[in-house]
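Each value in this text was obtained by applying a stated rule to the coordinates, not by laboratory testing. Please read all numbers here as calculations on a predicted model, not as lab measurements. Heads up, the Cβs are rebuilt from the backbone with ideal geometry, glycines too, and the neighbour counts pull from every protein chain shown.
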Amino acid sequence: MEKNVEIKRVLTMVEIALAAALAVALSNLKFFHLPYGGSVSLEMLPIFYIAILYGGTAGCVAGLLLGVGQLFFGAYVVHPIQLVLDYPMAFTVLGIGGFFATLISMKKNDDTFDYLRVVLVSVLVVFVGSVLRYAVHVLSGVVFFAEYAPEGSNILLYSLVYNAGYMVPNLIVAAVLLVPLVIARGALIKR
Amino acid sequence: MPQDSFIHGLDPRVKFIALILFMVTLFFIEAPLKFLLMGLVILLIIQSSKIPLGFVIKGIIPFVWLFLFAAFAHFFFTPGTSIKPFPIWFINVTFEGVTNGTIITLRILLIIVLSSMLTLTTTPLELTTALKRVLSPLKRFKIPVNDFTMMMMLTIRFVPILLLEAQRIINAQRSRGINFETGGLIKRAKKLVPILIPLFNLSFIRAEELAIAMVCRGYATGKERSSFRELRFSTSDLFAITSVILVIPFFFL
């Protein structure tokens, strides 16, 4: 019995670690570019996935692993505070949506998925995570421009607009793709 | 890429501390001569790491717009004494603007080069080992540092494998006729589902096998582990850290 609990614990840890690895891998694949520059990447998906499956804490740990992993694989650093905000912080907050996901049960009584609820939970998790990540990037932008831009320029507005440019499409794509993934997971377990 | 230089062989902790010290220093210096000295120090680091200078410069190219933005913003929008032909109409270039712009552009440039030197000469696995040492004081607060670094190592170790896996699945679905290049945002996103589902499921099947294998080999959560590569503080590390400490006071003269 004791052994089974330990296997479960180790399995959860390994799944979180591999999800973060998948996220780092996906961040290196640019699937499509946006017409006005910038690109959509799917690195947030595995983090949201873990947040739905194992809750907020696991999601935040997966996000932290992703942030530190990206840092180690060669990040661009222009300011010490920007380093902390743009990498570990921005990705850790992605998992916070997971704390709310457990409030809504996605399963029906006969253990099948309730499609509408899966959509609801996915959108909630993606929305909370993305908005928080956006806020952290905006803050980081403000720190960066406060240091490097001349005084008297409208720093906050510029940071808000610039970061929205890639976060909004990322949010939409993540929400669209998370639903089939969560449902496919259910099919895998029943196997 | 060379992998056996003096810089590559240093203890990752030493490299990290040196990076932090130089970065903080960069925020305090303003005199052109000090920037020149810092540039020389960084050039010396690049030379002794045997990394071709062209490769380092290539890494800066994506940031050109950033330098231009920082430079031009200062050149044209800083109040002060105008340089001769200006102000023309509303365009004004001031003496203060040019100095500030140059200082700030140089500062961003040098910070980017410095931080890329750390990741170019240190493998992610070495960085994780260093992270384990740096975080170990947190064990006092009941934070599971060992488990976290084990996960970090797994993440780092599996990135190349999963990247290969992803490429394989993308090619497989392409050969079945998926065209990723057409359609709007949501339509294109939906085309990624046949890539993501196999990719996710393969990863999690792998996770299950890995977890069972780890438990069978005696892995237990929260226990102290020994590692294959032990970090050792060598004479060259001592030499490196002393030279950094000796050179830094020159920036504050």
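Taking chymotrypsin sites (Phe, Trp or Tyr not before Pro) as exposed when DSSP calls them loop (any state but H, G, I, E, B) and at most 14 other Cβ atoms lie within 10 Å, what is the longest stretch of chain B free of them, the sites themselves excluded?
Here the longest segment lacking exposed loop sites spans B:91-179.
What average number of partner chain Cβ atoms lie no more than 10 Å from the Cβ of the residues making up B:158-165?
6
Taking all pairs of different Cα atoms in chain B, averaging 1/r and flipping that mean, what Kirkwood radius in angstroms comes out?
Computed over chain B, the radius equals 22.9 Å.
Starting from region B:155-215, pick out the trypsin sites (Lys or Arg not before Pro) whose DSSP state is loop and whose Cβ has at most 16 other Cβ atoms within 10 Å.
Passing both the DSSP loop test and the Cβ count: B:176.
Count the net charge of all other residues whose Cβ sits under 14 Å from the Cβ of residue B:159, scoring Lys and Arg as +1 and Asp and Glu as -1.
Its environment carries a net charge of 0.
Take each complete run of DSSP H in chain A, measure how far its Cα atoms stretch along the helix's own axis, and keep only those covering 18 Å or more with mean Kyte-Doolittle hydropathy at least -0.5; list them.
A:2-28, A:56-72, A:115-148, A:155-190
Kirkwood Rh, Cα Rg: Rg to Rh for region B:152-202?
That ratio equals 1.06.
For Cα pairs less than 8 Å apart in space and 6+ apart in sequence, what is the mean separation divided by the residue count of region A:94-183, i.e. the relative contact order in percent?
In percent, rounded to a whole number, it is 33.
What percent do you get for the relative contact order of region A:2-190 when only Cα pairs under 8 Å and 6+ apart count?
Value for region A:2-190: 21 percent.
Residue farthest toward the positive end of the dipole of region B:145-216, with Cβ of Lys/Arg at +1 and Asp/Glu at -1: which of B:159, B:213, B:195?
B:195
Residue by residue through A:169-182, how many Cβ atoms from other chains fall within 10 Å of the Cβ on average?
3
Pairs of Cα atoms under 8 Å, at least six residues apart: use those to get the relative contact order of chain B, whole percent.
Taking the mean separation of contacting Cα pairs over the length of chain B, I get 24 percent.
Find the percent of Cα-Cα distances in region A:36-191 that exceed 27 Å, and round it to a whole number.
28
Work out the length of the dipole vector of chain B about its Cα centre, built from +1 on the beta-carbon of each Lys and Arg and -1 on the beta-carbon of each Asp and Glu, and round it to the nearest 20 debye.
740
Is it possible to state the helix-based mean residue ellipticity at 222 nm for the protein assembly as shown, with each DSSP H run of 4+ residues giving -39500 (n - 2.57), the sum divided by total residues, to the nearest 500 deg cm²/dmol? What is it?
That comes out to -23000 deg cm²/dmol.
About its Cα centre, how strong a charge dipole does region A:2-190 have in debye, to the nearest 20, once Lys and Arg get +1 and Asp and Glu get -1 at the Cβ?
480
After finding the eigenvalues of the alpha carbon gyration tensor for the protein assembly as shown, what semi-axes result from the square roots of 5 times each, listed largest first in whole Å?
Its equivalent ellipsoid spans semi-axes of 41, 30, 19 Å.
List the pairs from A:3/B:191; A:108/B:139; A:8/B:191; A:3/B:15; A:8/B:142 whose alpha-carbon separation is above 30 Å, in the order I gave them.
The answer is A:3/B:191; A:108/B:139; A:8/B:191; A:3/B:15.
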